[in-house]
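Input: a single structure, listed below in structure tokens.
The values are calculated or read from the model by the stated rules, or taken from the named source; none is laboratory data. Here the structure is a predicted model, which means the values were calculated and not measured. Here Cβ is always computed from backbone atoms with ideal geometry, including for glycine, and neighbour counts include all displayed protein chains.
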């Protein structure tokens, strides 16, 4: 028995769909080709799924359709202009709270669907990845400082990225304003995290 699914998309979409299907461990074949219409190039593919058991074939078919839908939403905006991707699709390992705080601070229109761990965002995933690369570089640099907790690292990372100021300057500013305090030779939070974030993001270079 077999089922056939036909799809169209950019080369990037087709490649990612193929890569994701290859991880399912199912019996299938994948034929893709480039097409041209009205001076525009697009790619199409035919996916053939094979199986001896009907219920397994139906399940594999459903899983592949889910993959196609997920990848399509990642690269194509919906009617509200939002792209959709899971947090674990992001290229750089930045913690969820810092990702969401960064999008908010940059005034990027987005929604976070907690149950699905999905972001619906007006920016393409490539743009978000470029931002997160810089965020991760700053966050990693903070490993050389005695920072007491993740929320403090998050707020300092974001403040450095948004204001362009040095880490040492912002730590000193936070201590002077009593947003932070030193405890057991570590920098820890001394006031509400939201107030601390607001104060440090407003610091001018």
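Does residue 131 count as within 27 Å of residue 152 (Cβ to Cβ) and in contact with a helix residue (DSSP H, G or I) (Cβ under 8 Å, 6 or more places away or on another chain)? It is true that residue 131 is within 27 Å of residue 152 (Cβ to Cβ) and in contact with a helix residue (DSSP H, G or I) (Cβ under 8 Å, 6 or more places away or on another chain). Residues that are surrounded by fewer than 17 Cβ atoms within 10 Å (Cβ to Cβ) and not in a helix (DSSP H, G or I) within the stretch 96-143 comprise 106, 107, 108, 109, 111, 112, 113, 117, 122, 124, listed in sequence order. Exactly one residue among 55, 85 is assigned to a strand (DSSP E or B) and outside the structural domain of residue 157 (by TED's automatic domain parsing), and that residue is 85.
For the stretch 1-19, which residues satisfy the criterion of being in a helix (DSSP H, G or I) and over 12 Å from residue 65 (Cβ atoms)?
11, 12, 13, 14, 15, 16, 18, 19
Where the second residue is surrounded by 13 or more Cβ atoms within 10 Å (Cβ to Cβ) and assigned to a helix (DSSP H, G or I) and the first is touching a residue at least 60 places away in the same chain (Cβ under 8 Å) and lies in the stretch 179-205, which pairs have Cβ atoms under 6 Å and are six or more apart or on separate chains? Close Cβ pairs (under 6 Å, with a partner that is surrounded by 13 or more Cβ atoms within 10 Å (Cβ to Cβ) and assigned to a helix (DSSP H, G or I)) amount to 197/155; 201/159; 201/162. Scanning the stretch 67-86 for any residue that is closer than 30 Å to residue 195 by Cβ and either in contact with a helix residue (DSSP H, G or I) (Cβ under 7 Å, 6 or more places away or on another chain) or touching a residue at least 60 places away in the same chain (Cβ under 8 Å) (or both) turns up nothing.
What number of residues within the stretch 146-205 are in a strand (DSSP E or B) and loosely packed, with under 14 Cβ neighbours inside 10 Å? Talk me through it step by step, then tell me what you get.
First pass over the stretch 146-205, keeping only residues in a strand (DSSP E or B): 147, 180-183, 186-189.
Adding the requirement that they be loosely packed, with under 14 Cβ neighbours inside 10 Å leaves 182-183.
So the answer is 2.
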